[in-house]
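J.: One structure, pasted below without further comment.
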Amino acid sequence: MPDRALEGLTIVEVGTRGAASYGAKMLADLGAEVIKVEPPTGDPDRAIGPFPNGEAHPEKSGTYLYLNTNKLGVTLDITGEKGRAVLGKLAAKADALIHDYPPAEAEAAGLTYEAIRAANPDIIMTSVTPFGQSGPQKDFKASDLTMQGAGGWLWINGWPGNPDLPPLKAFGRQPSYQGGLNGALATMGALYGRSRGGPGQHIDISIQECIAAILEFVLPMWSYMELPVVRYGQRPIHPIDMFQCKDGAWIFVLCIEEPQWERLVELMETPEWATWEVAENRFVRASNWDALRPFMEEWVSQWNADDLYRAAQAKRIPFAPVSTLGNLLDSDHLKARGFFVEVVHPEAGTLAHAGAPYKLSETPWEIRLPAPTLGQHNAEVFGGRLGLSDAEIESLEAEGAI
Amino acid sequence: MAGPLDGIRVADFTWVWAGPTNTMQLAHMGAEVIRMETSQHICTLRMFPPWPDSKPGPNRSGYFNQYNQGKRAILLDLGKDEGAAIAKRIVEISDVAVENFAAGVIDRLGFGYDELRKVNDDIIMMSMSGYGATGPDKDYVSYGPAQVPMSGLSSLTGYKDWQPMHVGMSYGDPTAGLHAAFAVIAALFYRERTGKGQYIDMSQWESSMVVIGEAFMQQVMNGAPPERDGSHDLHMAPHNVYRCAGEDRWIAISCASDEEFGALCGVIGKAELASDARFATITERKANEDALDAEVEAWTSQQEPFEAMEKLQAAGVAAYPPLVNQEVMESPHLAARDFWVEHEHPEVGVRRHAGIPWRFSETPLAVKRAAPVMGQDNEYVFGELLGMGSDEIAGLVEREVIR
């Protein structure tokens, strides 16, 4: 009986933009064998860091190390005929191929469903691209910043009431993560379908749609009420706000349900709030938040953040800390759950990584391998798996294909 | 041809946003999802706006209706012994059970994994609490909006030299829901091969941290997090949101290479900037970013945002305006891709909802029906699935078990 949920599955990843890397990592961390195909110059994530002491090194980029755990790494120039033929051989032995080349680049690199299906009619091929495989903007250039704009997310983040401050990007590469996450989910669904007799197929994933599909109540505000949304701060209910505490740390103040608010009024020792019409319920509080906010701010500022967090939670009020990354790495709760895992890499050393978002009782999420060094598994994969002879491999190397 | 989860049934104990996002993904792939609800404690999302004509009602929320598409819903008071017994009969004929209460709540309700296994040995049960099922703070309560500050994402997001920011939505909810759906299907895949179900302990807090993994690497390697710097990027410049002509109009622009920067200089009529010593390479552009942003904005501020987008895209430069909700819903690109779902709904009529962001070539997926009104599928579930007669169902209504 397999020990891992996805043991026995082979996934080929051809990724250059983080999305395919994350999606394939999700599959790898639950036990699939992922063969990551990099250009001979390496995944561009090897160049972006962060690096120890800021010193660039292709085997020490934090982004690459994090996104590529549990994978076998090979190098292959798929822009050339020879490399493309090897990719076909990899695809022929794989259950799925996940990539994030935009349509025109994919076409130029022979990374089309027609070509991959010809090598393996049962394969699940997943293409994660900014705007999908069709539509008038499919070839638009994109970045994580512009995709937050195109998905409707960028508009809603920023400082309300200050027209000089532009819409604000959420940290990092969230559209790429969402694309990878949806890519893993859809690929997993199709693989499960195939295990029950379903067909191989092509899955077209649009990052723009992945964002538009998770915008909370933003889109229905238009289709139900024809109301344009404004930047964060104008919430339909309150309190949902962030304040600085006496010790300089920040706290997130939140009441979703009315009983939580009632318990907060008790905690504040301000019984008169319960009688104020301007604070009557969560919707009324939202309408009057500009007036109520200074009172809340004053009260919060008398507390240290962690004390207030614990006092609120003791009353089952869902306050939360505004965590720094240092706080999180030191968190007793996360330590008890083993969330951060130490990964030993031959060049980068031992580093704690963010770990599993879920714990499966029978088939644990686990780190078996650190991210591969560039071309680390060329011999094992091209020779061992594909059965290429040493002479063939040498010839491909000489031609720059691998 | 059927969706990949056709024939899979999900006993859905979830509410608010994270849990329903999970089960909607499963419905998208063909699973039959049965929401267990009661009028005695109505799902928070049903009570939230937007509502047509500003008129509230548990079946009128666009927020609820967006994230519960394709599901079925029944009314059942789980606090009553008879109600609990019926819920277990539903679990018995289900493949998956999902809940997103705070840790321990589902056990107190009598539907913990050990109890569910007694009626269905190979059930896959997914708990998706805020803090996870173990650890010293496991009993704490949490919601998606709190996951953004808790995860560290707020401390990383913000204008330069300003306070931490939120990210504009309860990002922790959908991120948890999508990760959860992935884990459920992985467990189904395992069950298909081994016959074994399992319990999945998912923490919404943790699923919000895995999407900033590279920032943790920075902290671990160098003892300090990335600094808040607005919409700038360490490796691209220009990379910002620039003011356009008109009130509160903007465009996001990013250049990933010297070539793209050169193309941008051409579009904005300042070809000389590409060879300007201040901007010739990414290193110089980052060092002189304020001056660079001023040059770009001098042009964008005279432009209508969509025209600027077309000009820049024609030259191969990544540019897109931050779309407001109406613009997303009226996007010609999304219309051409047939992204929207517009099913008839008995109380709100035909409304536009975001659809499925994946296209399957051989087994096309479709949202089967609009989000359910409360109790919509009582007859189907109690009658057809559980085989109760109409008298029996009427008795349950009379005894306020179905309510």
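J.: Say whether the condition of being within 7 Å of another protein chain (Cβ to nearest Cβ), of a type outside the set (D, E, K, R), in a helix (DSSP H, G or I) and more than 26 Å from the chain's Cα centre (by Cα) is met by at least one residue in region B:203-217.
T.: no
J.: Mind checking whether some residue in region A:127-134 is over 15 Å from A:I205 (Cα atoms), in contact with a Phe, Trp or Tyr (Cβ under 8 Å, 6 or more places away or on another chain) and more than 8 Å from chain B (Cβ to nearest Cβ)?
T.: Checked against the condition, which is being over 15 Å from A:I205 (Cα atoms), in contact with a Phe, Trp or Tyr (Cβ under 8 Å, 6 or more places away or on another chain) and more than 8 Å from chain B (Cβ to nearest Cβ), region A:127-134 yields no hits at all.
J.: Are there any pairs with C-beta distances below 6 angstrom linking a residue in region B:300-328 that is farther than 12 Å from A:G149 by Cα to a residue that is hydroxyl-bearing (S, T, Y) and not in a strand (DSSP E or B), with the two at least 6 apart or on different chains, and if so which?
T.: If the second residue must be hydroxyl-bearing (S, T, Y) and not in a strand (DSSP E or B), the pairs left are B:A308/B:T300.
J.: Please determine whether any residue of region A:355-378 is more than 8 Å from chain B (Cβ to nearest Cβ), surrounded by 14 or more Cβ atoms within 10 Å (Cβ to Cβ) and assigned to a helix (DSSP H, G or I). Full working, then the answer.
T.: If we filter region A:355-378 for residues that are more than 8 Å from chain B (Cβ to nearest Cβ), which is where we start, we get A:364-378.
Still in the list and also surrounded by 14 or more Cβ atoms within 10 Å (Cβ to Cβ): A:364-367, A:369-378.
Those still in the list that are assigned to a helix (DSSP H, G or I) too: A:378.
Yes - at least one qualifying residue is present in region A:355-378.
J.: Can you tell me which residue in region B:69-80 is modelled with the lowest pLDDT, limited to those that are in contact with a helix residue (DSSP H, G or I) (Cβ under 8 Å, 6 or more places away or on another chain) and closer than 19 Å to B:T23 by Cβ?
T.: Checking each candidate, the answer is B:L78.
J.: Inside region B:186-202, can you point out the residues that are touching a strand residue (DSSP E or B) at 6+ places or on another chain (Cβ under 8 Å) and either without any contact (Cβ under 8 Å) to a residue 40 or more places away in the chain or more than 7 Å from chain A (Cβ to nearest Cβ) (or both)?
T.: Hits for region B:186-202 are B:A186, B:Y190, B:R191, B:G197.
J.: Here's a check for you: in region A:1-44, which residue that is β-branched (V, I, T) and in a loop (DSSP other than H, G, I, E, B) is nearest to the chain's Cα centre (by Cα)?
T.: Initial filter on region A:1-44 (β-branched (V, I, T)): A:10-12, A:14, A:16, A:34-35, A:37, A:41.
Those left that are additionally in a loop (DSSP other than H, G, I, E, B): A:16, A:41.
Working: A:T16: 15, A:T41: 25 Å.
Looking at the filtered set, the residue picked out is A:T16.
J.: Same structure again: Within region A:143-169, can you find the residues that are out of contact with any Phe, Trp or Tyr (no Cβ under 7 Å at 6 or more places or on another chain) and either outside any loop (DSSP other than H, G, I, E, B) or modelled with pLDDT of 95 or more (or both)?
T.: A:S143, A:D144, A:L145, A:M147, A:Q148, A:G151, A:G152, A:W153, A:L154, A:W155, A:K169
J.: Would you mind stating whether B:A146 is on the phi < 0 side of the Ramachandran plot and more than 8 Å from chain A (Cβ to nearest Cβ)? Full working, then the answer.
T.: Numbers: on the phi < 0 side of the Ramachandran plot: yes; more than 8 Å from chain A (Cβ to nearest Cβ): no.
Against the criterion (on the phi < 0 side of the Ramachandran plot and more than 8 Å from chain A (Cβ to nearest Cβ)), B:A146 does not qualify.
J.: Let me ask something else about it. Would you pick out the residues in region A:388-402 that are under 35 Å from the mean Cα position of the chain (by Cα) and in a loop (DSSP other than H, G, I, E, B)?
T.: Across region A:388-402, the qualifying residues are A:G400, A:A401, A:I402.
J.: With A:L145, A:L65 as the choices, which residue is within 14 Å of another protein chain (Cβ to nearest Cβ), without any contact (Cβ under 8 Å) to a residue 40 or more places away in the chain and crowded, with 23+ Cβ neighbours inside 10 Å?
T.: After applying the criteria, what remains is A:L145.
J.: Here's a check for you: in region A:102-116, which residue that is under 22 Å from A:L185 (Cβ atoms) and more than 23 Å from the chain's Cα centre (by Cα) is modelled with the lowest pLDDT?
T.: A:L111
J.: Counting only residues that are farther than 20 Å from B:V381 by Cα, give me the strands (runs of 3 or more DSSP E) lying completely in region B:1-98 with at least 1 of them.
T.: Result: empty, no element qualifies.
J.: Could you list, in sequence order, the residues of region B:221-249 that are buried (at least 21 other Cβ atoms within 10 Å of the Cβ) and of a type in the set (A, V, I, L, M, F, W, C)?
T.: B:M221, B:M236, B:A237, B:V241, B:C244
J.: Something else: (1) closer than 30 Å to A:E59 by Cβ; (2) of a type outside the set (V, I, T); (3) without any contact (Cβ under 8 Å) to a residue 24 or more places away in the chain: which one isn't true of A:P346, the others all being true?
T.: (3)
J.: Among residues belonging to region A:293-317 that are loosely packed, with under 14 Cβ neighbours inside 10 Å and among the aliphatic types (A, V, I, L, M), point out the one that is nearest to A:G248 (Cα to Cα).
T.: A:A311
J.: In addition: Looking for something more than 7 Å from every other protein chain (Cβ to nearest Cβ) and of a type in the set (V, I, T) - is there at least one such residue anywhere in region A:315-325?
T.: The answer is yes; a qualifying residue exists.
J.: Let me ask something else. Spot the failing condition for A:A47; the list is (1) surrounded by fewer than 24 Cβ atoms within 10 Å (Cβ to Cβ); (2) touching a residue at least 60 places away in the same chain (Cβ under 8 Å); (3) over 17 Å from the mean Cα position of the chain (by Cα); (4) assigned by TED's automatic domain parsing to the domain that holds A:I123, and only one is missed.
T.: So the condition that A:A47 fails would be (2).
J.: Return a yes/no flag: does region B:304-314 have any residue that is more than 30 Å from B:R352 (Cβ to Cβ), surrounded by 15 or more Cβ atoms within 10 Å (Cβ to Cβ) and at the interface with chain A (Cβ under 8 Å from one of its Cβ atoms).
T.: Within region B:304-314, none of the residues are more than 30 Å from B:R352 (Cβ to Cβ), surrounded by 15 or more Cβ atoms within 10 Å (Cβ to Cβ) and at the interface with chain A (Cβ under 8 Å from one of its Cβ atoms).
J.: So which of B:G177, B:G168 ends up being assigned to a loop (DSSP other than H, G, I, E, B) and in the same structural domain as B:F101 (by TED's automatic domain parsing)?
T.: Answer to the selection: B:G168.
J.: Moving on. Which one is farthest from B:T44 (Cα to Cα) among residues in region A:250-264 that are of a type in the set (A, V, I, L, M, F, W, C) and at the interface with another protein chain (Cβ under 10 Å from one of its Cβ atoms)?
T.: A:W250
J.: Can I ask one more? Tell me, please, whether a residue that is polar (S, T, N, Q), at pLDDT 95 or above and within 19 Å of the chain's Cα centre (by Cα) can be found in region B:81-99.
T.: Taking every residue of region B:81-99 in turn, none turns out to be polar (S, T, N, Q), at pLDDT 95 or above and within 19 Å of the chain's Cα centre (by Cα).
Conditions tested, residue by residue: (1) closer than 19 Å to B:L26 by Cα; (2) touching a residue at least 12 places away in the same chain (Cβ under 8 Å); (3) in the same structural domain as A:Y113 (by TED's automatic domain parsing).
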| position | (1), (2), (3) |
| --- | --- |
| A:W159 | no, yes, yes |
| A:L165 | no, no, yes |
| A:A170 | no, yes, yes |
| A:R173 | no, yes, yes |
| A:G180 | yes, yes, yes |
| A:A184 | yes, yes, yes |
| A:A190 | yes, yes, yes |
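J.: When only residues in region A:194-223 that are free of Cβ contacts under 8 Å to residues at least 24 places away in the same chain and closer than 23 Å to B:G19 by Cα count, which is surrounded by the most Cβ atoms within 10 Å (Cβ to Cβ)?
T.: A:P220
J.: Could you please let me know if B:E379 is assigned by TED's automatic domain parsing to the domain that holds B:N59 and out of contact with any strand residue (DSSP E or B) (no Cβ under 8 Å at 6 or more places or on another chain)? Steps first, answer last, please.
T.: Values: assigned by TED's automatic domain parsing to the domain that holds B:N59: yes; out of contact with any strand residue (DSSP E or B) (no Cβ under 8 Å at 6 or more places or on another chain): yes.
Yes: the conditions hold for B:E379.
J.: While we're on this one: Could you please give the count of residues in region B:335-378 that are more than 7 Å from chain A (Cβ to nearest Cβ) and assigned to a helix (DSSP H, G or I)?
T.: Looking only at that region, the number is 2.
J.: For region A:98-142, how many residues are of a type in the set (D, E) and within 14 Å of A:G183 (Cα to Cα)?
T.: 1
J.: Further question on the same structure: Those residues that are crowded, with 21+ Cβ neighbours inside 10 Å and hydroxyl-bearing (S, T, Y), I need them from region A:319-354; list them, please.
T.: A:S323
The values are calculated or read from the model by the stated rules, or taken from the named source; none is laboratory data. All figures in this text were calculated on a predicted structure; none of them were measured in a lab. A quick note on method: Cβ atoms are made from the backbone with ideal geometry, for glycine too, and the neighbour counts reach across all protein chains shown.
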